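To start, the structure under review is shown below, and the notes come after it.
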Amino acid sequence: MEALQFKIQLKSGSAKTADALLITYNKSFEGHRFLMAVGIKVKRSGFDAARPGKVLKGFVAIGEQASNDLRSEGIPLNNGTLKNRIELMAKKFVLNGSQLSVWVNDKAKEFSIPSGVDTKLLLTQIKNELGKTQPDLEKVITSQITGGANELFGFWESYIDGRVKTRSGARLRPVTATNKRQTLKIVKGYNPTLTFADMDIKFYNSFVNYLEGKQYDPNSCGKHIKELKSVLNRAKYNGYSVPDNFLGWPVTRLKNAVVTLSRTEVLSLADLDLTGSQKHVRDIFLLASFLGLRIGDFPKLRKENFVLRNGLQFFDYVQEKTGRSVSVPVLPQLQQIISTWSEWPRLISQQNFRSNLKAICKKAGLTDRVVIKIRDGKPEYKIKWQAVSPHSARRTFATSMFYGWWANPLSAAFTMMYTGHSDEKTFLLYIGATAKDREAKALEMLGLKPQMKIA
């Protein structure tokens with residue numbers, strides 16, 4: 001069969017402008033004529049069918065290619081098949097009910113759109129993608145119709161909500177899921193169209209610059225990079241194609257000063273005459289300072305968590321962050337403090353807890369100026385009561401156990417039994433122990449005392 005010859009013809013009428021029609025003739029068409037409006041109006045005066053202009057010439061070329069392609073593909077050539085193919089090639093996509101046809105790499109590709117997919121959003125994203133220099137329609141469509149499950153953010157959501165399991169086969173712990181969701185929100189704010197293929201060093205540099213521009217502290221930047229890397233690691237394990245260079249992304253961890261209370265300051269808090277919310281906050285902070293709890297574990301400060309074994313009292317709980325079961329001995333000093341309480345402390349919101357805690361520490365006279373961090377060799381200071389946070393209780397606990405404020409000092413390994421740390425280096429950084437501190441500690445455990453220098 002000879003190739004079809006297409007031409008542009010104007011729709012008949014008396015108006016000054018007319019719809020441009022693409023037409024051709026063949027016995028396979030109804031009435032032996034194919035006619036299709038191309039959606040362009042043309043002035044009648046001066047129109048030359050032999051020279052219709054670049055855009056209309058493009059439709060002529062599309063018609064010819066469409067008819068040839070249909071024949072080569074073995075698809076019957078008729079009014080319906082030819083119109084659909086020309087429309088698809090001209091618009092690049094056509095949605096017919098739940099069937100989406102897309103023209104990709106000079107071929108028609110079909111997608112079935114599941115119920116529940118926002119087709120309006122899908123078509124908008126396709127149009128936006130077509131505006132790019134190198135559009136990737138398959139990526140946009142597949143991401144939408146699968147709920148993004150094959151892309152970075154879809155996988156991330158699946159990991160958070162438990163559809164993708166952790167290495168142990170369990171779901172993420174609530175506090176871990178919260179951290180990953182916070183990072184997900186920030187990464188989406190940076191660029192909501194990121195894919196696994198974008199995870200290269202160029203992205204890393206740009207994203208860190210973005211965070212710094214938003215005034216994130218270097219450690220906060222490092223935290224979000226760490227969370228992103230953990231998601232990419234899990235995706236790679238699950239068979240997703242992730243560029244390997246994310247493994248080498250630096251995770252910034254600048255040392256912050258350890259804000260802890262001294263032994264004297266803990267006792268001064270205990271001696272304060274407080275009432276109402278401030279009393280409850282002080283009492284909970286004291287409990288955490290003797291038991292080593294994170295603020296996420298404060299709700300576990302219930303009487304039933306205190307148990308008696310072999311004549312000794314212990315506080316038993318499962319850490320929210322790590323899932324580890326910990327049993328902390330209740331020291332006599334804490335038992336003495338608890339014995340003075342007329343009621344068990346009541347929890348309040350974290351925000352109110354923080355503000356009340358600072359006011360309490362101010363009342364207790366914590367007015368020394370302390371270094372809270374060092375950046376670019378320059379120290380940053382705060383008044384101590386301003387720098388104290390709920391986490392200071394846990395650090396106070398670790399420091400008091402290690403240095404033996406209330407009983408004999410414990411080694412790092414034994415203190416870690418109660419804090420839940422798994423790495424000694426991390427623990428020593430946690431309590432701010434210097435090399436000099438560790439040397440003094442070793443001598444103390446050996447029962448040795450430095451001698452005065454002989455003149």
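The values are calculated or read from the model by the stated rules, or taken from the named source; none is laboratory data. The structure presented is a predicted model; accordingly, all values stated were derived computationally and were not measured. Glycine gets a Cβ as well: all are built from the backbone with ideal geometry, and neighbour counts include every protein chain shown.
Ser112 fulfils the conditions (1) free of Cβ contacts under 8 Å to residues at least 40 places away in the same chain; (2) polar (S, T, N, Q); (3) closer than 25 Å to Leu22 by Cα except for a single criterion, (3).
None of Lys300, Lys362, Lys378 is more than 30 Å from Ala170 (Cβ to Cβ) and surrounded by 15 or more Cβ atoms within 10 Å (Cβ to Cβ) except Lys362. Consider the range 1-31 and keep the residues that are of a type in the set (A, V, I, L, M) and in contact with a Ser or Thr (Cβ under 8 Å, 6 or more places away or on another chain). The one that is farthest from Ser72 (Cα to Cα) is Ala18. Per the listing Asp244, Asp200, the residue uniquely in contact (Cβ under 8 Å) with a residue 12 or more places away in the chain, surrounded by fewer than 18 Cβ atoms within 10 Å (Cβ to Cβ) and acidic (Asp, Glu) is Asp200. Can you name the residue in the range 250-297 that is of a type in the set (A, V, I, L, M) and touching a strand residue (DSSP E or B) at 6+ places or on another chain (Cβ under 9 Å) and is also surrounded by the fewest Cβ atoms within 10 Å (Cβ to Cβ) among such residues? Restricting to residues being of a type in the set (A, V, I, L, M) and touching a strand residue (DSSP E or B) at 6+ places or on another chain (Cβ under 9 Å), the top hit is Leu254.
Under the condition of being within 12 Å of Leu82 (Cβ to Cβ) and among the aliphatic types (A, V, I, L, M), which residue from the range 33-71 is surrounded by the most Cβ atoms within 10 Å (Cβ to Cβ)? Ranking the candidates gives Ala66 first.
Being free of Cβ contacts under 8 Å to residues at least 60 places away in the same chain and among the hydroxyl-bearing types (Ser, Thr, Tyr) is a property that Ser325 has. Scanning the range 289-318 for residues that are under 14 Å from Val330 (Cα atoms) and in contact with a Phe, Trp or Tyr (Cβ under 7 Å, 6 or more places away or on another chain) returns Ser289, Phe290, Leu291, Gly292, Lys303, Asn305, Phe306, Val307, Gln313, Phe315. For the range 334-347, the criterion of a residue being aliphatic (A, V, I, L, M), touching a residue at least 12 places away in the same chain (Cβ under 8 Å) and closer than 13 Å to Leu261 by Cβ is satisfied by no position. Scanning the range 381-416 for residues that are of a type in the set (S, T, N, Q), within 24 Å of Gln319 (Cα to Cα) and surrounded by fewer than 20 Cβ atoms within 10 Å (Cβ to Cβ) yields Ser389, Ser411.
Considering the range 104-162, the qualifying helices (runs of 4 or more DSSP H), each wholly inside and each with 1 or more residues that are over 16 Å from Val94 (Cα atoms), among the charged types (D, E, K, R) and modelled with pLDDT of 80 or more, run over 152-160. All conditions in (1) in contact (Cβ under 8 Å) with a residue 60 or more places away in the chain; (2) under 30 Å from Gly404 (Cα atoms) hold for Ala235, with the sole exception of (2). Could you say whether any residue in the range 169-183 is within 21 Å of Val242 (Cα to Cα), of a type outside the set (Val, Ile, Thr), in contact (Cβ under 8 Å) with a residue 24 or more places away in the chain and crowded, with 16+ Cβ neighbours inside 10 Å? Yes, there is a match, as at least one residue in the range 169-183 is within 21 Å of Val242 (Cα to Cα), of a type outside the set (Val, Ile, Thr), in contact (Cβ under 8 Å) with a residue 24 or more places away in the chain and crowded, with 16+ Cβ neighbours inside 10 Å. Going through (1) out of contact with any Ser or Thr (no Cβ under 8 Å at 6 or more places or on another chain); (2) crowded, with 18+ Cβ neighbours inside 10 Å one by one, Thr133 falls short only on (2).
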